[in-house]
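Participant: Here you go, one structure.
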Amino acid sequence: MWVTLRFMDCDLLIVGGGPAGTITALALAKNHRDLADRTLVVEAATHPRPKPCGGVISGRALAVVTRLAGPLQALSGLPVRRVEVRHGDQTRVHTLPRAALAVDRRAFDAALMVAVRRQGLRVRESTRLVGLERRPGGWRAILQGPRGRYEVTPRVVVGADGAFGAVRRFAGLGRGFSRARLALTDRPVQPTDPPADTMVFELPTDSGVAGYYWSFPVPRAGGPAVRNHGVFHHGRRPPHPLRELLAERLPPGPSPRSAVQRLYQPGLACAAPGVGLVGEAVGADPLSGEGIAGAVIAGERAAALLQEVFERRDFHWSHWSRRVLGPEVRVLASNAFLALLAYGPWQQWVSGRVSASPLLADVALRRFCGHRHSPAERWALLRRVVTAGGLW
Ligand SMILES: Cc1cc2nc3c(=O)[nH]c(=O)nc-3n(C[C@H](O)[C@H](O)[C@H](O)COP(=O)(O)OP(=O)(O)OC[C@H]3O[C@@H](n4cnc5c(N)ncnc54)[C@H](O)[C@@H]3O)c2cc1C
């Protein structure tokens, strides 16, 4: 049955209630109230919903989360201050220049959605975008809710619907090819595990995985302490099944889950007149697979840009990705290139250098924390690289 619900009509439709969608909505509520009142957020699931994720958010996004969603204590995260990098029998521990936060994604995303509702925005959970077509002056969107199908006619649609979201597909923004495969599972903390404020990255010494293994702390109120273990493979087809590779390394327990990520791909469209993507709909970091911080930061920027385009009534933006990704676009683009280097045929050589070099580790961790190297710092780095033994 097709029902036109006029009272659900909106000027702006945000599809997806993960970090990208909720932060976009919260930034609108905080800074652009008028537009927030004309916005509808739809989420296919109902929070708290499961989300396969390591759950570590780099420090660079935490200020945005606190500013828009309230104190981080309410999100019951666990501070992460150190990173252990392992390669063969080599182990190095580094202190993060700015602490990250480990969160339970179910609880974190649900808390963001509660904050959105508290701001009085219109939200429909268990409501999925199932159709989208252009009409004069905007879009005709079809939503499947618990009580049937609805039609809404927004001026602008924001696709915050994750890796393989419907908005990219319906708006014809291209599928892209850059993917990562992952497997992950939780296990009780072992006596050999590092302290709870430490995340571990292990660079493999064989060619089974073009990527890395991780072990992250998990915040848990009550019950035995657990860590999240996973494997990230840069590319579509790992040579061995990842779930089996991961299970072999861990004590017995539930079978790992597998997942696929969209990675940022330079040149792949993420906007067209009247429609723009944020978060993993654009793509996660190609080197690490990190996506929460990027989604949060882009969400806040998207809200500011949306306000501007509604004020100017000019929806033919060609600058969406430049504005929404901001300076991060250069980091993402260079990481797309570095990933080919790090996980390609030279992986073993690169892993050896990265795990042994305090300089490379320092550069990587600063980038993870959001530090942008100044031209002077880049020049100093280059000098160290070309002078004998500078890298390691
Ligand atoms: C195994 C794994 C581990 C990861 N670990 C980390 C990590 O430790 N740190 C990190 O920073 N990143 C990590 N990531 C990446 C991170 O999870 C994502 O980049 C992040 O969730 C992106 O947020 P988002 O809001 O863009 O998308 P999502 O969190 O995927 O949210 C999209 C939302 O849109 C909804 N939706 C989808 N289709 C529709 C539709 N048609 N209509 C309505 N709603 C729809 C979905 O239900 C979902 O709630 C990991 C990813 C994976 C797969």
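Participant: Name the residue farthest towards the positive end of the dipole of the chain from the options Leu382, Gln307, Leu268, assuming +1 on Cβ of Lys and Arg, -1 on Cβ of Asp and Glu, about the Cα centre.
Facilitator: Looking along the dipole axis, the top candidate is Gln307.
Participant: For the chain, find the longest principal axis of its Cα atoms and tell me its angle to the long axis of helix 358-368, 0 to 90°, nearest 10.
Facilitator: 10
Participant: While we're on this one: Over all directions, how big on average is the projection of the convex hull of the alpha-carbon atoms in region 199-268, in square nanometres?
Facilitator: On the way: hull surface 25.6 nm².
If you wrap the Cα atoms of region 199-268 in a convex hull and average its projections, you get 6.4 nm².
Participant: Collect residues whose amide H, placed 1.01 Å from N in the peptide plane, falls under 5 Å from the amide H of Lys51; neighbours closer than 5 in sequence don't count.
Facilitator: Arg106
Participant: What is the angle, in °, between the Cα long axis of helix 292-312 and the longest principal axis of the Cα atoms in the chain? Nearest 10 is fine, range 0 to 90.
Facilitator: The angle comes out at about 30 degrees.
Participant: Tabulate in residue order the Karplus-calculated ³J(HN,Hα) for region 197-207, using 6.51 cos²θ - 1.76 cosθ + 1.60 with θ = phi - 60°, rounded to whole Hz; enter x for Gly and Pro.
Facilitator: Working through the residues one at a time gives 9, 10, 9, 10, 10, 10, 8, x, 9, 10, 9 Hz.
Participant: Can you give the extra length, in nm with one decimal, that the chain gains between Lys30 and Thr46 once fully stretched, where that is 0.36 nm per residue apart less the Cα-Cα distance? Let's see the in-between values first.
Facilitator: Working: separation 16, 0.36 × 16 = 5.76 nm, distance 2.37 nm.
Full extension of this stretch gives 3.4 nm more.
Participant: Restricting to region 1-150, compute how many DSSP beta bridges are antiparallel as a %, nearest 5. Could you put the intermediate results ahead of the total?
Facilitator: Values: 21 of 30 bridges.
Just about 70 percent of them are antiparallel.
Participant: Tabulate in residue order the Karplus-calculated ³J(HN,Hα) for region 220-227, using 6.51 cos²θ - 1.76 cosθ + 1.60 with θ = phi - 60°, rounded to whole Hz; enter x for Gly and Pro.
Facilitator: Rounded to whole hertz, the list is 9, 8, x, x, x, 5, 10, 10.
Participant: Using the C-alpha gyration tensor of the chain, what are the square roots of 5 times its eigenvalues, in whole angstrom, with the largest one first?
Facilitator: Value: 37, 23, 20 Å, ordered largest first.
Participant: Sticking with this structure for a sec: At 0.36 nm per residue, minus the direct Cα-Cα distance, what do Arg366 and Arg312 gain on full extension? Give it in nm, one decimal, please.
Facilitator: On the way: separation 54, 0.36 × 54 = 19.44 nm, distance 3.78 nm.
Length difference between fully extended and current span is 15.7 nm.
Participant: Let me ask something else. If all Cα-Cα distances of region 7-78 are sorted into 5 Å bins from 0 onward, what percent lands in each bin, rounded to whole numbers?
Facilitator: 3, 13, 21, 24, 20, 12, 6, 1, 0
Participant: Skipping prolines and chain starts, which residues have an amide H placed within reach, meaning under 5 Å, of the one on Ala171, given they are 5 or more residues away or on another chain?
Facilitator: Under 5 Å from the amide H of Ala171: no residue qualifies.
Participant: Please get the size of the charge dipole for the chain, origin at its Cα centre, with Cβ charges of +1 on Lys and Arg and -1 on Asp and Glu, quoted in debye to the nearest 20. Please list the in-between numbers first.
Facilitator: Numbers: 53 positive and 30 negative charges, 118 e Å.
Roughly 560 debye, rounded to the nearest 20.
Participant: With a 1.4 Å probe and all protein chains left in place, how much accessible area per residue does the chain have, in Å²? Show your work: numbers first, answer last.
Facilitator: On the way: 17960 Å² over 392 residues.
I get 46 Å² per residue for the chain.
The values are calculated or read from the model by the stated rules, or taken from the named source; none is laboratory data. None of the values given here were measured: they were computed from a predicted structure. Backbone-built Cβ (ideal geometry, glycine too); neighbour counts: all protein chains shown. With ligands, DNA and RNA removed, areas are computed over all heavy atoms of the protein, side chains included. Shrake-Rupley method; radii C 1.70, N 1.55, O 1.52, S 1.80 Å.
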